[in-house]
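Input: a single structure, listed below in structure tokens.
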Amino acid sequence: MTKRIIVVGAGFAGMMSALAAQRLIKMTQQEPTEVIEVTVIAPDEKLVVRPRLYEENVADMSAPLGDLFKVTGIRFLQGSVETIDVETQQVASVDAAGMRSTLSYDRLVLAAGSDVVLPSAVPGLSQHSFTVDHLHSAVRLEEHLKKLPSVPATTSGRNTVVVCGGGYTGLELAAELPGRLASIPGLDSNDMRVVVIERADVVGPDLSASMRPLILQTLERLGVEVKLGTAVTSIDASGVTTSADERIETITPIWTAGTVATSLTQQVPGAKDRFGRLMVDTDLRCPESRAVFAAGDTACARTDEGDHNLNTVASKVQYSKMSCQHALPMGRYAGHNAAADLLGLPTLRYSQVMLGTILDMGQGGAIFAAGCGDENDVIALSGAEAKPLKRWINETLIYPPRADDLAGALEAGNPVNRTVVPAGLGC
């Protein structure tokens, strides 16, 4: 008899969920009396390195997963999940050719990620703005930027880029843009203008207060303008209008303000947070659907009870954030626990070992605040000293394990895996 664990999504949480589940199965079933299959359902057999989509050459920001899945014995099914039926324990998906299929599960890990929010209250937003939310949208923006030199220099708004949203993604993009624009042949970087519009009264409202002065200083050095306490009220083909009744001419408005969990979470009974994430138990199980676990951007889990770096104490109850920093360990725990539950083993309590925030500031270096991920985080590194750490995270830490090392690939799914920052990076 074959039992099945289905993982929905091949992002950071989905990839790690599958590896963690397969690791425990192989460790436990030396001479299996029943087969437990781990199946990943996702649109593509690759990991989109989403945290890097603010960088240039975004078409290269993905990593193949086919060989990794094959060597570890994980089955991949190409398709987009449309429905989850928790009563019959089935998922229905459709592939690129429009073929539909239904698959039963014994345990499910929902790790299908999130999407940028495009509020209908902002006229013209969906028609005229760019995003860096997914690979295809980031590629579209890069193609647009590279075509700017062919736009007549007299075109109003040709030399202005407006980043709508001064949160994590918006700040990294804005800081990177001066360097990206300067590298485009035919564009005079001295004539280019980058503007960040943030509705909150502070830059990076979800970041540590200790980071904000450095962020503003770095953006000023880079020549990036910041407008705080201001919202974008409408966007059209030639510019944006703000709540301050200001009109900014631009043909490159980029929306980065806010994300929401995949709508698949609405098909799983149980409480959701304001981002549509499932409120999960300490082992990442959905309380009202005991065969379903959630990880990454689909799950809201407490993180304040773990052994955080620097042994600092959170000032309030802390919950997981929509970031790969949380998605990777959450995937490990969710996959492990889904397999453990199916094998009749105890599940593990999710613990977020390392917390902190590192913000790429383009040619201005980076800013690393360590702590519990709240207002009390302290600056550990900044500027050029923090840049190697950011590069290591972006280019090494978050990439899939090697497919030619079976033991190492499976060990990557170990939920008690402790990531150690390399020596020489100041941590």
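The values are calculated or read from the model by the stated rules, or taken from the named source; none is laboratory data. A quick note: this is a predicted structure, and the numbers were derived from the prediction, not measured. Note that we place each Cβ from the backbone using ideal geometry, even for glycine, and neighbour counts take in every protein chain shown. Just the protein is used for accessible areas: all its heavy atoms, side chains included, with ligands, DNA and RNA removed. Shrake-Rupley method; radii C 1.70, N 1.55, O 1.52, S 1.80 Å.
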Is there a residue being at pLDDT below 95, part of a loop (DSSP other than H, G, I, E, B) and among the small types (Gly, Ala, Ser) anywhere in segment 129-149? no
Tell me which of these residue 270 doesn't satisfy, since it passes every other one: (1) open to solvent by less than 50 Å² (accessible area, probe 1.4 Å); (2) in a strand (DSSP E or B). (2)
Could you list, in sequence order, all residues of segment 187-245 that are among the basic types (Lys, Arg) and open to solvent by 50 Å² or more (accessible area, probe 1.4 Å)? 193, 199, 221
With criteria (1) open to solvent by less than 60 Å² (accessible area, probe 1.4 Å); (2) within 24 Å of residue 265 (Cβ to Cβ), residue 169 comes up short on (1)
A careful count of residues in segment 124-136 that are within 17 Å of the chain's Cα centre (by Cα), in contact (Cβ under 8 Å) with a residue 12 or more places away in the chain and more than 12 Å from residue 252 (Cα to Cα) gives 4
For residue 150, indicate whether it is in contact with an Asp or Glu (Cβ under 8 Å, 6 or more places away or on another chain), over 30 Å from residue 342 (Cβ atoms) and surrounded by fewer than 21 Cβ atoms within 10 Å (Cβ to Cβ). no
Every residue in segment 405-427 that is assigned to a loop (DSSP other than H, G, I, E, B), modelled with pLDDT of 95 or more and open to solvent by 80 Å² or more (accessible area, probe 1.4 Å), please. none
Could you give me the residue pairs with C-beta distances under 6 Å whose first residue belongs to segment 380-397 and is part of a helix (DSSP H, G or I) and crowded, with 20+ Cβ neighbours inside 10 Å, whose second residue is at pLDDT 95 or above and aliphatic (A, V, I, L, M) wherever it lies, and which are 6+ apart or on separate chains? 387/366; 390/366
Taking segment 107-125 and keeping residues open to solvent by 50 Å² or more (accessible area, probe 1.4 Å) and either in a strand (DSSP E or B) or of a type in the set (Gly, Ala, Ser) (or both) leaves 115, 120, 121
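Residues to consider are 348, 342, 359, 264; find the one that is buried (at least 22 other Cβ atoms within 10 Å of the Cβ), outside any strand (DSSP E or B), of a type in the set (A, V, I, L, M) and at pLDDT 95 or above.
So the residue among 348, 342, 359, 264 that is buried (at least 22 other Cβ atoms within 10 Å of the Cβ), outside any strand (DSSP E or B), of a type in the set (A, V, I, L, M) and at pLDDT 95 or above is 264.
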